[in-house]
Amino acid sequence: MALKRQRPPQVNLLSELTDGYSQILALFDGSTAMRRIVDDVPASSGVDVAWVGEPDGGDQIVLRHMVNTRTPAINGLTIPRGRGLGGQVIEHRRLLSVSDYRCAENITHHFRSQVESEGLRAVIAVPMIYEDRLLGVLYGANRFTSSFGDRATQALEQAAGRAAAAAVVAERAKHAAEVAVHEDRRRVAVDLHDTVGAMLFTLGAGIRALIDDLPPTDALQSRLGDIEQQAVEAAAALRGSLHALSAPPEQVSLGVALRGDCRAFEERTGTVARLITVTELPSMSSACVGALSGTAREALLNVEKHARARSVVLSVFAHMAPTATSMRTSVPRRVDLAPRRTGASRSGTSTPRSGSSLSCTLAARRWSAGQRRRG
């Protein structure tokens with residue numbers, strides 16, 4: 001008699017899905033993601049103790065996320081560039097280690113008392129680097145004098161790479177949330193302008209009509225004049241508040257503008273349009289933001305008119321190049337996307353196989369940001 005294969009209980013599947021979902025959510029919280037990575041370092045590398053140094057302002061880090069420590073001696077220490085083992089890693093941006101911290105001659109000993117209080121001897125420090133950005137230092141340590149073999153070194157380097165990637169993901173998630181908040185604030189400001197602002201204008205115009213209809217000697221003229229002045233002052237205060245509400249800081253102004261362009265495109269066409277911020281964006285002047293946003297609107301308009309796009313993705317990124325800010329739109333057939341306005345340098349191209357594109361190039365301080373869209 002053949003036995004039926006038993007299926008795994010649904011509760012186990014649900015538990016696995018829940019764990020996977022929790023891990024994905026953790027990526028968007030930098031502190032939680034860093035804690036998970038550091039927690040695994042002792043088991044994966046064989047070290048006794050692990051912790052991480054996170055950037056704090058300029059060329060210094062703060063030690064956090066201790067694993068297997070016995071005292072609070074090193075927790076919260078600020079390590080400036082050049083001081084101690086971590087400071088040397090900040091300066092040279094490469095893995096460094098000492099077999100006995102107490103008598104190491106290639107580092108300063110500003111933190112010797114804290115290291116001895118924790119009972120540490122051998123210490124290794126690995127830079128967390130992503131696209132030439134130093135995002136922290138990952139530490140491992142033993143409570144005995146030793147050198148670090150290939151297993152420990154490779155495990156720590158891999159963990160440092162994951163930690164750097166986690167820091168970038170959390171940073172971009174935070175930026176995306178800030179962009180969303182400011183874009184919502186701008187939309188609220190527009191709604192208030194169209195409703196409350198219009199009501200105040202109508203009220204002021206009505207009062208002025210009543211004043212004009214009254215005889216010059218009527219006592220109501222003075223009272224209505226006071227009310228009219230109050231309406232004018234209320235309208236001025238509303239304009240000031242709306243300006244403050246709708247003006248995003250430089251760090252997110254480009255994202256807010258492009259997100260608004262995508263939302264407007266969605267509302268007009270019913271086609272899903274999404275903004276993806278691939279890298280950290282530099283602060284940009286209002287002129288640069290206007291040029292890029294204007295190009296985005298022109299490209300979206302061409303997609304709306306000529307492409308049969310089921311979805312649109314607008315990606316924006318920055319890279320260290322001499323000067324270049326570009327935007328590209330791909331559509332499934334030949335379309336003339338040559339620029340119609342001057343300002344930034346723009347050009348349109350079309351090929352039978354790859355479709356058409358619209359690019360915009362401008363200087364953005366020492367950075368260059370590029371934006372691409374696929375239809």
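The values are calculated or read from the model by the stated rules, or taken from the named source; none is laboratory data. It should be emphasised that the depicted structure is a prediction, and the values quoted were computed from it without experimental measurement. Neighbour counts run over all protein chains shown; Cβ positions are idealised from the backbone, glycine included. Keep in mind that these areas ignore ligands, DNA and RNA; they rest on the heavy atoms of the full protein, side chains included. Shrake-Rupley method; radii C 1.70, N 1.55, O 1.52, S 1.80 Å.
One residue alone among 76, 87, 82 is free of Cβ contacts under 8 Å to residues at least 60 places away in the same chain, touching a Pro at 6+ places or on another chain (Cβ under 9 Å) and open to solvent by less than 60 Å² (accessible area, probe 1.4 Å), and that residue is 87. Right, residue 126: of a type outside the set (Asp, Glu) and at pLDDT 95 or above or not? In short, yes.
Figure legend. Inter-residue proximity from region 300-327: first residues open to solvent by 20 Å² or more (accessible area, probe 1.4 Å) and acidic (Asp, Glu), second residues modelled with pLDDT of 75 or more and part of a loop (DSSP other than H, G, I, E, B), beta-carbon distance below 8 Å, spacing 6+ or different chains. Indicated pairs: 304/271.
Residue 62 meets each of the listed conditions (1) touching a Ser or Thr at 6+ places or on another chain (Cβ under 6 Å); (2) part of a loop (DSSP other than H, G, I, E, B) apart from (2).
Pairs are defined by a Cβ separation below 8 Å, a sequence spacing of at least 6 or placement on different chains, a first member in region 28-46 that is of a type in the set (A, V, I, L, M), and a second member that is at pLDDT below 85 and open to solvent by less than 20 Å² (accessible area, probe 1.4 Å); the pairs so defined are 33/26; 33/166; 33/170; 34/166; 37/166. Within region 39-53, the set of residues being open to solvent by less than 40 Å² (accessible area, probe 1.4 Å), more than 22 Å from the chain's Cα centre (by Cα) and of a type in the set (A, V, I, L, M) comprises 41, 47, 49, 50. Looking only at residues in region 54-72 that are modelled with pLDDT of 90 or more and exposed (fewer than 14 other Cβ atoms within 10 Å of the Cβ), the one that is nearest to residue 129 (Cα to Cα) is 72. Can you tell me which residue is nearest to residue 51 (Cα to Cα) among those in region 113-160 that are assigned to a strand (DSSP E or B) and aromatic (Phe, Trp, Tyr)? By that ranking, first place goes to 139. Looking across region 256-291, the residues that are of a type in the set (D, E, K, R), surrounded by fewer than 21 Cβ atoms within 10 Å (Cβ to Cβ) and under 17 Å from the mean Cα position of the chain (by Cα) come down to 274, 280. Residue check: is residue 196 under 23 Å from residue 72 (Cα atoms) and either at pLDDT 95 or above or of a type outside the set (Asp, Glu) (or both)? Here the answer is no, as residue 196 does not meet what is asked. Residue count for region 193-236 satisfying the condition of being assigned to a loop (DSSP other than H, G, I, E, B) and open to solvent by 50 Å² or more (accessible area, probe 1.4 Å): 5.
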